[in-house]
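Here's the structure we're looking at; comments come further down.
The values are calculated or read from the model by the stated rules, or taken from the named source; none is laboratory data. Bear in mind the structure is a predicted one, so any value in this text is a computation, not a measurement. Cβ atoms come from the backbone with ideal geometry, glycine included; neighbour counts cover every protein chain shown. Heavy atoms of the whole protein, side chains included, go into the accessibility calculation; ligands, DNA and RNA do not. Shrake-Rupley method; radii C 1.70, N 1.55, O 1.52, S 1.80 Å.
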Amino acid sequence: MRNADRSVPFSSLKVLSRAPAPRITVGGVGRRHPLETILAKPFTRKVLGYISQPRPDGRSLFEVLAENYDNDRLRGWERWKWKLPSLVIDLALAHYRLDKELMKRKLFHHPPTVRALALTARSIARYGLSAPQRFAAPLFVVWNITQLCNLACKHCYQNAGPRPAPDELTLEERLKVVDELAENGVPFLAIAGGEPLALKDLWAVLEYANRRGIHLTLATNGTLLTPETAARLKECGVKYVEISVDGLDPDEHDGFRGRRGAWARAVQGIRNSVAAGIRTGLATCFTRRNVHRAAEVIEFAIGLGCQTFSHFNFIPVGRGREIVEEDLTPAQRELLLATLQRYLAEGRINVISTAPQFARACVVYGPAEGVFATGHAGRGMGSKTMVLSRYIGGCGAGRCYCSIQPNGTLTPCVYISSIKVGDLRRQSLAEIWESDLFTLLSDRSRRGDHCAVCGYQAYCGGCRARAFAYTGDITAGDPGCVYNMPLWRELVAKASSELPVFQPLAATASRMERLSLGGGPD
């Protein structure tokens, strides 16, 4: 079985293609929305292709139209030129009873949203409407900008350390990466690491990306997030800061993070970010030792003034392989997803999760007109959002999302850093995005185990990183899902002889088997 931490090009990766399992889900895709029928028509695809095609200046007609809609800064002929298109939009907004000022602020005059819609239109024009939707470029990119980190977290997927990697991009190369993202219409960029705040080049990259109209977020351990740093992040255009806190026990957090006092500094970092007026999130990676306190951690985030709680799905890669015995069982993960869905529905705090099953959990546990998770960070109310979730929900690796490593290599996901798909030092993003692997990952019919037949396939698709880490097959079922319990049991049973990554779990196999959906951590 392949060592999933060893870097390999996709061309040499063997896809094992496990067989489908009997279907046990009874839910799935609901009624077709009229808009889906319209978007699937050939004429609509032609229109979308026309309005989303980049012009010589790099912007599409849709982006130019949105910028000039009811724009008070237009003068003379330019004002008259856009008067009729603006009137047509006004009539459409009135017909659908939409608030004009709100739509201007949240859509037409919000460049990242406009860019995301233009990319969606271009994607439908190129690939047709598909559930889930394959995108012509990433909607969302996570850039692990450096290996440098001031902590030594036990679960670090990046194997970050006290020094940058010797082959990291130069500042000039990092700015060229920003150009690649902007020229391909990428709307959203999350900067991570390592610890990005420890990198001196960070500020130049943030300032440049902001000028290029990219929506910026930053993931940090929070220990370097002083009031001055938070204020500077806001000035650079960072819209969201996410700080990792591994629970409510400072000693446990500090032990997990490898530095005494890390918990106190992370919590103070959250307070500093909130005080600076930045949308702030608290992120937790739940394992067996802390999942029973999930509700308490979310309440703690609410008390700190966080607008978002982010759940990180534990994946045994990087240093996380050394603590694989702390991974949740499928039953524990399902109970956690139900808790996350409940808090999302209550509306006191936004909830996001890197577990693709979260979109499915919103369908299973919420009412038809409830709150639904869409994609990696989106949410919305009602059945229309539920329809949207079918197209952008679940695992986005290689379909609407990818990651960039500190040396410029591009991988399907931060948790699949061992598979090198391309190199931005030598290739364009557009060239890499059309890779065979990303074509494979965009097609959820090419899955194994219950992921191949699941009624919620469009909403979820299973975590490709978890499948690859545990089986060596990127198309296998996700062993972290309750619908793949036979696969989970099979992997545990084979732990000693065939799957070295599972050896620590073999000793606790009998205890895991006793866990059921109605149970919880021992």
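Within the range 286-305, take every residue that is of a type outside the set (D, E, K, R) and open to solvent by 10 Å² or more (accessible area, probe 1.4 Å) and give me the one that is nearest to ALA467 (Cα to Cα).
In this case the residue turns out to be VAL291.
Restricting to the range 151-178, what's the tally of residues that are crowded, with 19+ Cβ neighbours inside 10 Å and either hydroxyl-bearing (Ser, Thr, Tyr) or outside any loop (DSSP other than H, G, I, E, B) (or both)?
So the answer is 4.
Only one residue in LEU344, LEU340, LEU410 is in contact with a Phe, Trp or Tyr (Cβ under 7 Å, 6 or more places away or on another chain), open to solvent by less than 10 Å² (accessible area, probe 1.4 Å) and outside any loop (DSSP other than H, G, I, E, B). Which one?
None of the other options fit; the residue is LEU340.
Does ALA476 count as assigned to a helix (DSSP H, G or I) and surrounded by 20 or more Cβ atoms within 10 Å (Cβ to Cβ)?
Judged against the criteria, ALA476 is not a match.
Look through LEU139, LEU117, LEU151, LEU181 and report the one residue that is more than 20 Å from the chain's Cα centre (by Cα) and not polar (S, T, N, Q).
Criteria check complete, one pass: LEU151.
One residue is enough: does the range 308-327 have a residue meeting the conditions open to solvent by 20 Å² or more (accessible area, probe 1.4 Å) and touching a strand residue (DSSP E or B) at 6+ places or on another chain (Cβ under 9 Å)?
Yes, the range 308-327 has at least one match.
Could you list, ordered by first residue, the pairs with Cβ atoms under 9 Å in which the first is in the range 144-163 and closer than 16 Å to ILE323 by Cβ and hydroxyl-bearing (Ser, Thr, Tyr) and the second is modelled with pLDDT of 80 or more and open to solvent by 20 Å² or more (accessible area, probe 1.4 Å), at least 6 apart or interchain?
Filtered contacts from the range 144-163: TYR157/ARG319; TYR157/TYR415; TYR157/SER417.
When the residues of the range 179-204 are filtered to those that are open to solvent by less than 20 Å² (accessible area, probe 1.4 Å) and in a helix (DSSP H, G or I), which remaining residue is nearest to SER417 (Cα to Cα)?
My answer is PRO196.
Pairs please, first residue from the range 205-221 and over 23 Å from GLN147 (Cα atoms) and open to solvent by 30 Å² or more (accessible area, probe 1.4 Å), second anywhere and β-branched (Val, Ile, Thr) and part of a helix (DSSP H, G or I), Cβ atoms under 8 Å, 6+ apart in sequence or on different chains.
ARG212/VAL178
Out of all the residues in the range 103-114, is one or more basic (Lys, Arg), surrounded by fewer than 14 Cβ atoms within 10 Å (Cβ to Cβ), free of Cβ contacts under 8 Å to residues at least 40 places away in the same chain and assigned to a helix (DSSP H, G or I)?
yes
When you look at SER123, is it in contact with a Cys (Cβ under 9 Å, 6 or more places away or on another chain) and of a type in the set (S, T, N, Q), yes or no?
So SER123 fits the description; yes.
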